[in-house]
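Report on the structure given below.
The values are calculated or read from the model by the stated rules, or taken from the named source; none is laboratory data. These numbers were taken from a predicted model, which means no experiment stands behind them. Virtual Cβ from ideal backbone geometry, glycine too; neighbours counted across all protein chains shown. Accessible surface is based on the protein model in full, side chains and every heavy atom, while ligands, DNA and RNA are left aside. Shrake-Rupley method; radii C 1.70, N 1.55, O 1.52, S 1.80 Å.
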Amino acid sequence: MPDHDTHAERALSPTTIRYCPLCGAPLGRERVANDHREQAVCTSCRFVFYLSPKLVAATVPMEDGRVLLTRRAISPAKGKWTYPGGFVDFGERTVDAAIRETLEETGLEVCLTGLLGVYSYANSPVIVVYRAAVTGGTLATCAENDAVEWVTPAEIPWADLAFPSTRDALSELLAGPGAGAADAARPGRQSSASPARGTSRGSG
């Protein structure tokens, strides 16, 4: 199956926005006072459409020296592994979004135990990743993934991780205090093992 991300053709970007979200009039491009950069400006109501990166909140649940990974069943990065997470809703705190997304994607209730890191890349969302501990729930898949599995550091499939932020966050996690036997699982080792312990698999 070709790994074609159809989302890229429909994404909001400075080159794809065309109409004002407030009044519907066409947008123009012009320099904005006190900004000194060209922005999208409504030709009718003069609303300035500042297009900012989306915000994602995620967790890396940990238990007994293992981390929880999910295998994506949707694009982008379908078939690749990452940790639970998703977009922060308007009016929602990042900590609440991280807990909500983890429950929705894995069936597990978690408490956040600390900030792992904030990851930012060109033309991508900003990803806020928290460490987390499981407090309840039952491990399960959802419509967005077809497998959720507990893996040891040595079992992390570095060659099959979904996003740069997945690799960077897990690398930072294993490099941090209390990483234990993480040396064998550093990205430089390029482990290709598929997660295979503590699993909850869907039908995919």
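Observations
- Between amide H atoms placed 1.01 Å from N, distances below 5 Å from Thr113 occur with Arg131, Ala132, Ala133, all of them 5 or more places distant or on a separate chain.
- On segment 24-166, 53 percent of the accessible area sits on carbon and sulfur atoms, based on a 1.4 Å probe.
- Cut-off 10 Å between beta-carbons: net charge of the residues surrounding Ala58, Lys and Arg +1, Asp and Glu -1: -2
- Remark: the Ala33-Leu115 segment gains 25.8 nm on full extension, using 0.36 nm per residue and subtracting the alpha carbon distance.
- The overall shape of segment 54-117 is oblate: from the C-alpha gyration tensor, with semi-axes ordered a ≥ b ≥ c, the ratio a/c is 1.5 or greater and a/b is no larger than b/c.
- Under the combined filter of DSSP loop state and at most 11 neighbouring Cβ atoms within 10 Å, segment 14-111 retains these chymotrypsin sites (Phe, Trp or Tyr not before Pro): Tyr50, Phe90.
- Per-q log10 I(q)/I(0), segment 1-133, q = 0.22 Å⁻¹ (Debye; single scatterer per alpha-carbon; no solvent): -1.25
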